[in-house]
Amino acid sequence: DAKTTQPPSMDCAEGRAANLPCNHSTISGNEYVYWYRQIHSQGPQYIIHGLKNNETNEMASLIITEDRKSSTLILPHATLRDTAVYYCIVGGSGYALNFGKGTSLLVTP
Amino acid sequence: GAVVSQHPSRVICKSGTSVKIECRSLDFQATTMFWYRQFPKQSLMLMATSNEGSKATYEQGVEKDKFLINHASLTLSTLTVTSAHPEDSSFYICSAGTSGGLNEQFFGPGTRLTVL
């Protein structure tokens, strides 16, 4: 079973920030938090990952709580092309990723 | 990010035939490749882990004699679905990672297999 809990679906207006939460209360000290997304009928796309510190790249920001039991993926200005299923995954580097059900994000005009 | 390709992107075959799917890491050397499959409206399920030059490790419930995996080089892994049946119809996706440097895995675009 996946070690993360995510809401099944979320809506976001185009141009607004999309904040996707994830609970991972059983994360161990050497496990990373990874975020991927999957657009229909495509392979998952890597977004961002982190261990303890908050991370930011050209796609998104990742905010990890101090106790590391939860995190939030932030898409600062959502576009229609950001509509996808977003997966929050915890795991060790180099190991297979255990995909849960993810959050289906719908960005609306 | 790093690029992983899969070929073919889509295949339709008759029941009983074998189908080979290739997964290539185009701009990095992948010491480990993973094979997943995804049925409609479901999440990705890991099938096997493939390390270059050694036998693949299969997940429980995945038949190793039916899903043959070869990882002969650091840039290529193949999955052969032998004697395919309609229940094998699925979306097959590979991912590649490295043992050092990159922490993230990169996924191929997937192969849609339809067995008639």
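The values are calculated or read from the model by the stated rules, or taken from the named source; none is laboratory data. This is a predicted model, so every value here is computed, not measured. In this analysis, Cβ positions are derived from the backbone assuming ideal geometry, glycine residues included, and neighbour counts consider all displayed protein chains. Areas reflect the complete protein model, heavy atoms only, side chains present, ligands, DNA and RNA absent. Shrake-Rupley method; radii C 1.70, N 1.55, O 1.52, S 1.80 Å.
Listing for the model above:
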{"read-out": "Whole-Hz ³J(HN,Hα) from phi, Karplus 6.51 cos²θ - 1.76 cosθ + 1.60, for segment B:49-65, glycine and proline x", "value": "10, 10, 10, 4, x, 9, 6, 6, 9, 9, 6, 4, x, 9, 7, 5, 7"}
{"read-out": "Interface size B-A, as summed buried accessible area [1.4 Å probe, Å², nearest 100]", "value": "1400"}
{"read-out": "Inter-chain shielding of B:27-37 (mean C-beta neighbours from other protein chains, 10 Å cut-off)", "value": "1"}
{"read-out": "Cysteines in chain A lacking a second Cys C-beta under 4.7 Å", "value": "A:CYS12"}
{"read-out": "Free-standing Cys residues across chain B, given no other cysteine C-beta under 4.7 angstrom", "value": "B:CYS13"}
{"read-out": "FRET efficiency, 1/(1 + (r/R0)^6) with R0 30 Å, evaluated for B:SER83 and A:GLN45 via beta carbons", "value": "0.35"}
{"read-out": "Square roots of five times the Cα gyration tensor eigenvalues for the protein assembly as shown, Å", "value": "30, 20, 15"}
{"read-out": "Whole-percent pair-distance distribution, where bins are 5 Å wide, for the alpha carbons of chain B", "value": "2, 13, 24, 25, 20, 10, 4, 1, 0"}
{"read-out": "Residue among A:CYS12, A:CYS22, A:CYS88 with the largest mean-square fluctuation in a Gaussian network model of chain A, springs linking Cα atoms under 10 Å", "value": "A:CYS12"}
{"read-out": "Rg over Rh, two decimals, chain A (C-alpha only, Kirkwood Rh)", "value": "0.94"}
{"read-out": "Under 20 Å from the B:LEU116 label point (7 Å along Cα→beta-carbon), backbone N, segment B:1-25", "value": "B:8-21"}
{"read-out": "Per residue accessible area in Å² of the protein assembly as shown, where ligands, DNA and RNA are left out and the probe is 1.4 Å", "value": "50"}
{"read-out": "Among B:LYS41, B:LYS55, B:LYS64: highest mean-square fluctuation, GNM of chain B, C-alpha pairs under 10 Å", "value": "B:LYS41"}
{"read-out": "Residues with amide H under 5 Å from that of A:ILE48, placed H, sequence gap 5 or more", "value": "A:TRP35"}
{"read-out": "Surface share of carbon and sulfur [accessible, 1.4 angstrom probe, percent] for the protein assembly as shown", "value": "50"}
